[in-house]
Every structure is written in C-alpha cells, then in structure tokens.
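First up is the structure itself, then whatever we jot down about it.
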Amino acid sequence: MEATSFKQPDPGGKLDAQAALTADQIHSVVEDVLATSQFIDMHTHLYPPAFGKIGLWGIDELLTYHYLEAEFFRSSHMTPEHYWSLPKPAQAEAIWQALFVENTPVSEATRGIVAVLNAFALPTDGSSLTEARAFFKAQTIEEHVPKVLAMAGVSSVVMTNDPLDSEEQAVWMKGIQRHAQFHAVLRLDRLLREWAEPWPQLAKQGYQVDDQASGRSIAEIRRFLAEWYERMRPVYMAISLADTFKFPEDTVRGKILREAVLPSCRELDLPLSLMIGVRRQVNPRLRLGGDGMGRADLRSLENLCRNFPGNRFLVSVLSRENQHELCVYARKFNNLMPFGCWWFLNNPSIVEEITRERIEMLGTSFIPQHSDARVLEQVIYKWRNTRNTFAPILAKTYGSLFRDGRNVTRQDIQRDVQRLFRSNFTQWVGPGAGD
Ligand code: FIX
Ligand code: ZN
C-alpha cells in the first residue's frame, strides 16, 4: 500500500469555481488547489532513465545526499577521509545510524527522508534499512520515474546538462530519445570557469579557440552553443556564480559572457539563469557538502538587466540578505524573473519570509520554488514541504484582500497557482517546456 502526497482533482467540484468564498473557506480551498495542481520543477539535478547511472535514486542515494553528509559530520566522530573511503551502502548506514537512530531526525533534510519512507509505507522508526533497500531494488526505473513525479504533483522537471561534463557528453553524443517529463538546460559552469580549463577541451573538439579567447574564439564559442542547442533543445542556459561575481568584468569570462553567451541567448530566444552567491569549496574535505555562500553585489545584475534589455534573466540568489534587493530589481526590470529559495534557503522559516516579501512586492510575477533535487524521490518531500509552507502564506494573502473588500473565488486561486508554479516559467522559456 502506498501513501501518496498528491491529491487527484475533484472533477465534480464541491464549490462553484466562480462563487465568492467566505473568509472561512479560503484556507481549505487554497490547500485543495495547491494539492491538486501540477507544478513544473524548473531546476533539478534529475535525469531520465536513458542517462543511466547519472540519474540518482533509491535509499542509499537519498541518505548520502550532500545536505545530509554535511549534517552527519556534526553528529559523528568519523573523519571525512574515512567516510569517503567507504562504499556507498556503508556511508548510507553510517548516516542512518548517526542521524536517524542516535538522533531524532528533526532537520529539514532528515525529515525529508522520513517523509519519503512514509510515502512508500516503509518503516521510519530507525530500524534497519533492509526493507527500504528491498523496496527500491524491486522497482524498475522506467516505471518508478513517472510514479514518483505523480506522487510529487510535478508534471515535468528541468535537468542540469553541462556539455563539458565528460559523462554527460557521452550520453548526448550517443543520441538519446527525449523523455517528455525531462527538459534540458544548457549549463555553462565549466565553459565560464577560468578559461585555462575549458579552452583546451573545446580546441580538442575542433573549435578554433585560443588561450586568450581572441581571433575566431568568440564566433567558435557561439558555434559550440548553437550546436549544443540543436543537440539538447534546452529550455534555458544557466550558470551558478560566486558571491564575488562582477559584471562588466575585464576578464576572459566577462568577454565570453558579453560577446558569446548573451548574444547566443538572444539569437536562440533562450533565457539565461543566474544562480548567484555560492562560495565553492569553503571546506573541500566535505566535497559537494563543502560549498558555502556569501552576499553578492547585485549591481552586476542591475548592469546586465539594464544593458541587455533583449535578454531574459531567471535569477536566484543564495544569500538571505540579497532577497530584498532582488525584489526591488524585479520591480525595475521586467526582463528579470526571480525564482526559487535555493539550497540553504529552502527551509520553511526562510521560505516563508522570502515568499511573503515577494508576494508583497511582486504580486504573482515570480517563480516561488524549484526543488534542486539530486535524487529522484526527493521531489516527494520537497514539493510537499513547498505546498505546506505556501498554503498559509497564500491563504493569509487572500484573507487580507478579502478584508480590503474584494471577493476571492476558487478560480482566482487556481489562476494564481497556475501562474506561480507553471506559466511564469513556461511563458519565460517559450514553447519548449510544454504548456
Ligand atoms: O549549482 C547548483 O545547481 C546547486 O544547486 C548545486 O550545485 C548544489 O550542490 C545543490 O545541490 C544545492 O541544492
Ligand atoms: Zn542546483
């Protein structure tokens, strides 16, 4: 028996969608609309079955998520070096023992594991992992993927596809069949690192680039982007950027961004997603869990939005201190779409604060959340938590509107939820994303 977290819509409709709701009805209608609306997850690290081992799923992957690894080292004496020397099942067991048996799993990431186990009616009480492992072993990934997305109330997800990642490159070059529920993203992190790293790779692939990005280099980078666009059909291009990100910048990276990436986005009619504020490898001993964050100078974003009005920017900032500025910039530039409560912000208390602020300043013209899931089943708890956090925020907003003197209907709520969790994204990225 499975418990699902996503309700099927009630086609009969207990309430006439156009009837004015009473103050007492608002909360339950908001909950119902959220529970029965399908969302688009506009940034994940998930992949369809054709990507093989690149797509992570199952209990051992869930337990070794880097959010949990970082928490593990706070509650265990094991050194990171010892942990990394263990095979994955032993790592998962160490995390299970420290965070779920010896401690109560009250953090956001640990509660997520409990919620996923519970969604599949598996034991959550800290007994062994045997039953959970047997359950996941019995699933076939082709059937498991659509089932999990349905449980999460998500119709499709957006991947992260870096063409300079050798493992991924091999998958794309083989020519894979598209999966209707997974959209590609042309991720540019490797291309926009210190140029010394990517240029020899591009040169090896036959692009006429040099170490100064001079001569034909810019035209050749644009050819590289155009060819990957054809291969992937991405819904946007994306880069994650440090808190120290500056634009304009008199560096090769600044030049590539200005002369290659931005014009290619315009030509291909793709938005550029900027995820700003990460400080990579603050503690390299923790590997993926060793990244931190810092407050960015968003004047760089201002410069981009003002000087490139023909480009559309999807923007998430990692520092809580940058959130208010991001809202102010979105009010100034309608080519800027704020999205998500990213990574260290994806905790109910902070999500609530950021979301309230965004509604107060931007109405429904933003994308409230993405899951950033790295392991398939995480979408179940991440989207359930988003719905739970969002319901009282939205209900309170409509309650205020009602007291101000305007009736609210189920249809209004449906339109707003559709806009926030689907059409702001689909209209921004164009027809590729489905709606
Ligand atoms: O750069 C990104 O897309 C980040 O979301 C990740 O690299 C990060 O490790 C993560 O998983 C955050 O949730
Ligand atoms: Zn991510």
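Observations on the model:
- Spin-label pair Ser365/Asn283, simplified geometry with 7 Å Cα→Cβ offset, distance in nm: 4.2
- Straight-distance crosslink candidates among aspartates and glutamates, where the alpha carbon sits under 15 Å from Lys382 and sequence neighbours closer than 8 are dropped: Asp41, Glu108, Glu352, Asp372
- For the range 102-184, the Cβ-based charge dipole about the Cα centre amounts to some 260 debye (Lys, Arg positive; Asp, Glu negative; other atoms uncharged).
- Shown in residue order for the range 336-342 are the 3J(HN,Hα) couplings computed by the Karplus curve 6.51 cos²θ - 1.76 cosθ + 1.60 at θ = phi - 60°: 10, 10, x, 9, x, 10, 7 Hz (x for Gly and Pro).
- Taking every protein chain into account, the accessible area of the chain amounts to 44 square angstrom per residue (probe 1.4 Å).
- Helical contribution to [θ] at 222 nm, DSSP H n ≥ 4, -39,500 (n - 2.57), averaged over the chain, rounded to 500: -13500 deg cm²/dmol
- Under the convention that each Lys and Arg Cβ holds +1 and each Asp and Glu Cβ holds -1, the size of the dipole of the range 50-208 around its Cα centre is about 460 debye.
- Protein heavy-atom surface of the chain, 1.4 angstrom probe: 50% of the accessible area is carbon and sulfur, with nucleic acids and ligands not counted.
- Surface/4 estimate of mean projected area, convex hull on alpha-carbon atoms of the range 161-278, nm²: 7.5
- Of the complete DSSP H runs in the chain, those spanning 24 angstrom or more by Cα along the long axis with a mean Kyte-Doolittle score not below -1.0 are 378-404.
- In this structure, the pairs whose alpha-carbon distance is over 32 Å, taken from Lys88/Lys204; Lys137/Lys174; Lys147/Lys246; Lys88/Lys147; Lys137/Lys204, are Lys88/Lys204; Lys147/Lys246; Lys137/Lys204.
- Interchain or long-range residues, amide H under 5 Å from Arg187's placed H: Asn161, Asp162, Ala238
- Within the range 274-311, trypsin sites (Lys or Arg not before Pro) in DSSP loop having at most 15 other beta-carbon neighbours inside 10 Å: Arg280, Arg295
- Candidates Thr79, Ser37, Val116 compared by Cα position along the dipole of the range 37-132: farthest toward the positive end lies Ser37, with charges placed on Cβ.
- Antiparallel content of DSSP bridges confined to the chain, in %, to 5: 10
- Within-15-Å neighbourhood charge of Gly294 [Cβ basis; K, R +1; D, E -1]: 0
- Inter-centroid distance (Cα atoms) of the range 284-314 relative to the range 130-181, Å: 28
- Averaging the sequence gap over all C-alpha pairs within less than 8 Å and six or more residues apart, then dividing by the number of residues, gives the range 10-100 a relative contact order of 22 percent.
- Two-decimal Rg to Rh for the range 94-186 - Kirkwood Rh, Cα set: 1.06
- Gaussian network model of the chain, springs between alpha carbon atoms under 10 Å - residue of Lys88, Lys204, Lys137 with greatest fluctuation: Lys204
- Total formal charge among the other residues, if their Cβ is under 14 angstrom from that of Gly310, Lys/Arg +1 and Asp/Glu -1: +2
- Largest accessible area first, the residues Glu377, Glu81, Glu108 order themselves as Glu81, Glu108, Glu377 under a 1.4 Å probe with ligands, DNA and RNA left out.
- Cα-based Rg of the chain normalised by 2.2 N^0.38 Å, two decimals: 1.01
- Charge dipole of the chain about the Cα centre (unit charges at C-beta), most positive-ward option of Asn335, Ser400, Gln139: Asn335
The values are calculated or read from the model by the stated rules, or taken from the named source; none is laboratory data. All values derive from a computational prediction rather than experimental measurement. A quick note on method: Cβ atoms are made from the backbone with ideal geometry, for glycine too, and the neighbour counts reach across all protein chains shown. To get the accessible areas, we keep the full protein, side chains included, count just its heavy atoms, and leave off ligands, DNA and RNA. Shrake-Rupley method; radii C 1.70, N 1.55, O 1.52, S 1.80 Å.
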